[in-house]
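K.L.:
Let me begin by handing over the structure; questions about it come next.
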Amino acid sequence: MANPFRLSILAADKAFYTGECLSLVVPTTEGSYGIMARHMNMIAAVVPGILKAVLWNGNREKEERLAVTEGIVKVEGNEVLVLVDSLERPEEIELARAERELQAAKAALKKKSSELEHTLATAKLARALNRIRAKQFVDKQ
């Protein structure tokens, strides 16, 4: 068994997890980034994608996969903090709703709009695609 480290995963609207973790893979601007105990200190930008964590409760492992949006990850000492705008377990995602959100975001991008509206539509598109990917990944297993 790998050595555990302290992990906190927080979204803007809820605290998801605080406890021990054996390994963590976070989607960042530089690609998927793996973190284990005694990792070097760092801060990175989190992008929409799938966060994978192997959690440890003292006697057994539990793997969690989460669809996350933008945020940051900070590693300092043997502690990791993940702050994201939103997160969802794939089994909580309603595929039909995510597909409707995807179509609405695509339609918004086609409109001639302000830079702000274009940026918001791009973010909604990325979130919808990420939710669909997360849901489809879990459904295949």
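K.L.:
Give the residues of the stretch 37-55 that are part of a strand (DSSP E or B), at pLDDT 95 or above and of a type outside the set (V, I, T), sorted by residue number.
P.N.:
Answer for the stretch 37-55, where residues must be part of a strand (DSSP E or B), at pLDDT 95 or above and of a type outside the set (V, I, T): M42, A44, A45, L51, K52, A53, L55.
K.L.:
Which one of the conditions (1) without any contact (Cβ under 8 Å) to a residue 60 or more places away in the chain; (2) assigned to a strand (DSSP E or B); (3) closer than 24 Å to A12 by Cβ; (4) within 14 Å of the chain's Cα centre (by Cα) does G34 fail to meet, given that it meets all the rest?
P.N.:
If we test G34 against (1) without any contact (Cβ under 8 Å) to a residue 60 or more places away in the chain; (2) assigned to a strand (DSSP E or B); (3) closer than 24 Å to A12 by Cβ; (4) within 14 Å of the chain's Cα centre (by Cα), just (3) comes out false.
Conditions tested, residue by residue: (1) of a type outside the set (A, V, I, L, M); (2) assigned by TED's automatic domain parsing to the domain that holds I9.
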residue: T29; (1), (2): yes, yes
residue: I50; (1), (2): no, yes
residue: A53; (1), (2): no, yes
residue: L66; (1), (2): no, yes
residue: V75; (1), (2): no, yes
residue: L81; (1), (2): no, yes
residue: E99; (1), (2): yes, no
residue: R127; (1), (2): yes, no
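K.L.:
Is there a residue being closer than 28 Å to G19 by Cα and not in a helix (DSSP H, G or I) anywhere in the stretch 96-116?
P.N.:
No - not one qualifying residue is present in the stretch 96-116.
K.L.:
Yes or no: R131 touching a helix residue (DSSP H, G or I) at 6+ places or on another chain (Cβ under 7 Å), among the basic types (K, R), within 24 Å of L7 (Cβ to Cβ) and not in a strand (DSSP E or B)?
P.N.:
Taking the combined requirement at face value, the residue satisfies it.
K.L.:
Here is a further query. Going through A104, A126, A98 one at a time, which residue ends up being closer than 25 Å to G31 by Cβ, free of Cβ contacts under 8 Å to residues at least 60 places away in the same chain and not aromatic (F, W, Y)?
P.N.:
When all the criteria are applied, what remains is A98.
K.L.:
Moving to a separate point now. Give the residue, chosen from A107, A67, that is touching a helix residue (DSSP H, G or I) at 6+ places or on another chain (Cβ under 9 Å), under 21 Å from R127 (Cβ atoms) and either among the β-branched types (V, I, T) or surrounded by 15 or more Cβ atoms within 10 Å (Cβ to Cβ) (or both).
P.N.:
A67
K.L.:
Of the residues in the stretch 110-122, how many are polar (S, T, N, Q), within 20 Å of D85 (Cβ to Cβ) and either in contact (Cβ under 8 Å) with a residue 60 or more places away in the chain or in contact with a helix residue (DSSP H, G or I) (Cβ under 9 Å, 6 or more places away or on another chain) (or both)?
P.N.:
1
The values are calculated or read from the model by the stated rules, or taken from the named source; none is laboratory data. Source: prediction; values computed, not measured. Glycine also receives a Cβ, built like all others from the backbone with ideal geometry; neighbour counts cover every protein chain displayed.
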